[in-house]
Amino acid sequence: MHFFNYENGELKAEGVRVADLAREYGTPLYVYSAATLRRHFKAYDSAFAGLDHMTCYSVKANSNLSVLRLLAEMGAGMDIVSGGELYRALAAGVDPGRIVYSGVGKRPEEIRAALEAGILMFNVESMQELERIGEIASELGTTARISLRINPDVDPRTHPYISTGMKTNKFGLDMDASLAAYQRAKDLPGVEPVGIDCHIGSQLTSVEPFLEALDKILAFHDKLCDMGINIQYLDLGGGLGITYNEEEPPHPAEFGQALTERLGGLPLRLILEPGRSIAGNAGILVTEVVYTKDTPSKHFVIVDAAMNDLIRPSLYGSYHRIAEVVPAGREDLTVDVVGPICESGDFLARDRALPRVESGELLACFSAGAYGFSMSSNYNTRPRACELLVDGENVTVARRRETYDDLIAAER
Ligand code: LLP
């Protein structure tokens with residue numbers, strides 16, 4: 001559910017005409033809906049109302065400060081994966097006691113900054129990282145709260161690039177290595193094991209893989225109890241999928257109910273790290289048709305947004321629904337919607353049925369609120385797009401469009 005709807009023959013973002021936004025702020029343009037973000041956060045968070053839990057939004061999905069601030073104000077914690085994300089979360093006013101830090105390659109200065117900020121816990125992904133965190137915490141005269149990220153070897157049945165909990169993935173530690181790591185953590189100065197963590201992948205469209213992982217984690221938890229390690233947190237990561245096209249992912253309530261059945265009564269605080277399910281359908285990318293071009297084999301619609309703005313179609317072959325901002329009612333054609341970048345992999349859609357459009361008209365690319373702007377780049381020396389946050393009738397420039405000066409500012 002989102003608040004991008006057609007009214008009187010044109011697309012609106014909540015109470016604002018998208019065409020007006022494009023006129024005023026230019027294209028390519030990301031538009032986020034505050035009401036959608038709130039609704040998704042509430043739906044997610046209240047799905048776990050029956051459990052002691054904390055919803056730590058995954059900053060990587062959409063890390064704009066305005067988005068982080070809005071979610072933090074609703075009580076979200078954050079899941080971070082870099083010093084940069086820590087910096088953003090703190091700048092957005094997130095309570096450090098609600099921040100969890102994942103990732104396989106945390107550098108010493110990043111670990112130090114997180115300890116100094118007083119984050120809730122590190123999700124540790126290797127023995128070397130555990131030792132390093134212990135050393136740095138001891139140097140600082142503090143103790144790092146840690147979880148070990150367990151790789152449960154479960155197939156999340158999603159795109160291979162975003163599967164993370166299979167034994168061939170770089171993430172976490174297998175069960176045996178995890179046991180050894182907890183044993184070490186128990187005796188290691190500077191660290192205190194307080195949780196178990198696991199994140200098996202992204203864009204999951206059924207609850208079964210989550211439950212399969214959870215069963216393995218709970219069995220592992222019993223072993224920890226036998227070892228005299230009493231943990232307080234169970235972090236199940238993120239990964240709940242959304243509808244881009246015809247997927248039918250479980251509603252957060254269904255996910256919540258399934259977890260509540262398994263976890264109810266256990267003395268563990270559940271942590272969740274949703275990203276896409278909060279932000280994905282809360283954003284669109286608006287783009288203008290620059291030219292159209294017919295070749296003997298294809299109809300191309302050349303737009304001003306490119307793979308540097310939204311890389312998901314190029315990188316994962318992802319589907320994003322594309323529609324006219326002001327439908328003109330022309331006949332359908334089968335088209336490739338492509339950007340101006342000098343690569344054949346630069347497309348937003350291939351062989352897509354779309355009404356015939358003309359130069360100067362606007363298209364909206366839906367479900368672009370997660371892993372859209374946050375994965376964007378300056379490739380082909382293209383300034384990154386403007387980001388707007390619409391709240392009812394109010395429009396906030398969440399990030400101004402980059403200028404050419406911005407593009408060369410850090411260079412000599
Ligand atoms: N927690 C951890 C440790 C993660 O690695 C991720 C995502 C999340 C939480 C949030 O997962 P979500 O709820 O958003 O599925 N760029 C890809 C997605 C990469 C996901 C990486 N990790 C895409 O555009 O599909």
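The values are calculated or read from the model by the stated rules, or taken from the named source; none is laboratory data. This one's a predicted model, so the numbers in the text were calculated from it and none came from an experiment. Glycine gets a Cβ as well: all are built from the backbone with ideal geometry, and neighbour counts include every protein chain shown. Just the protein is used for accessible areas: all its heavy atoms, side chains included, with ligands, DNA and RNA removed. Shrake-Rupley method; radii C 1.70, N 1.55, O 1.52, S 1.80 Å.
Points to keep in mind about this one:
- Exactly one residue among PRO189, PRO160 is out of contact with any strand residue (DSSP E or B) (no Cβ under 8 Å at 6 or more places or on another chain), at pLDDT below 95 and not polar (S, T, N, Q), and that residue is PRO160.
- Of the residues ILE196, ILE231, the single one that is in contact with a Ser or Thr (Cβ under 9 Å, 6 or more places away or on another chain) and under 15 Å from VAL154 (Cβ atoms) is ILE196.
- Residues considered: LEU211, LEU259, LEU234, LEU266. Of these, the only one that is more than 25 Å from HIS320 (Cβ to Cβ) and more than 25 Å from the chain's Cα centre (by Cα) is LEU266.
- Residue match in segment 350-362 (condition: touching a Ser or Thr at 6+ places or on another chain (Cβ under 9 Å), surrounded by 21 or more Cβ atoms within 10 Å (Cβ to Cβ) and under 20 Å from ALA61 (Cα atoms)): no
- The listed residue being closer than 30 Å to ARG262 by Cα, part of a loop (DSSP other than H, G, I, E, B) and not hydrophobic (A, V, I, L, M, F, W, C), out of GLY75, GLY105, GLY97: GLY75
- Restricting attention to segment 29-61, the residues that are open to solvent by 10 Å² or more (accessible area, probe 1.4 Å) and within 22 Å of ASP309 (Cβ to Cβ) total 1.
- Residue tally, condition surrounded by 16 or more Cβ atoms within 10 Å (Cβ to Cβ) and among the polar types (S, T, N, Q), over segment 317-339: 1
- Wholly enclosed strands (runs of 3 or more DSSP E) of segment 215-316 bearing at least 2 residues open to solvent by 10 Å² or more (accessible area, probe 1.4 Å) and of a type in the set (D, E, K, R): 283-294
- Qualifying residue in segment 176-186 (condition: part of a loop (DSSP other than H, G, I, E, B), open to solvent by less than 60 Å² (accessible area, probe 1.4 Å) and farther than 30 Å from GLY317 by Cβ): no
- Filter result for GLU343 (open to solvent by 60 Å² or more (accessible area, probe 1.4 Å), more than 16 Å from the ligand (Cβ to nearest atom) and free of Cβ contacts under 8 Å to residues at least 40 places away in the same chain): yes
- Taking each residue of segment 208-225 that is within 14 Å of ARG149 (Cα to Cα) and looking for partners that are in a helix (DSSP H, G or I) and open to solvent by 60 Å² or more (accessible area, probe 1.4 Å) with beta-carbon atoms closer than 6 Å, six or more apart or interchain, yields LEU214/ARG262.
- The residues listed here are GLU288, GLU324, GLU273; of these, the one that is in contact with a strand residue (DSSP E or B) (Cβ under 8 Å, 6 or more places away or on another chain) and within 16 Å of the ligand (Cβ to nearest atom) is GLU273.
- If the condition is being on the phi > 0 side of the Ramachandran plot and in contact with a helix residue (DSSP H, G or I) (Cβ under 8 Å, 6 or more places away or on another chain), then segment 106-152 contributes only GLY118.
- Matching residues in segment 177-216 - criterion: being basic (Lys, Arg) and either under 12 Å from LEU236 (Cβ atoms) or within 16 Å of the ligand (Cβ to nearest atom) (or both): LYS216
- Residues in segment 130-154 that are within 16 Å of the ligand (Cβ to nearest atom) and either touching a strand residue (DSSP E or B) at 6+ places or on another chain (Cβ under 7 Å) or more than 21 Å from LEU240 (Cα to Cα) (or both): ILE146, SER147, LEU148, ARG149, ILE150, ASN151.
- So TYR319, is it of a type in the set (Phe, Trp, Tyr) and touching a strand residue (DSSP E or B) at 6+ places or on another chain (Cβ under 8 Å): yes
- Selected residue [among the hydrophobic types (A, V, I, L, M, F, W, C) and assigned to a strand (DSSP E or B)] from LEU148, LEU130: LEU148
- Matching option when the condition is acidic (Asp, Glu) and open to solvent by less than 50 Å² (accessible area, probe 1.4 Å), among GLU7, GLU14: GLU14
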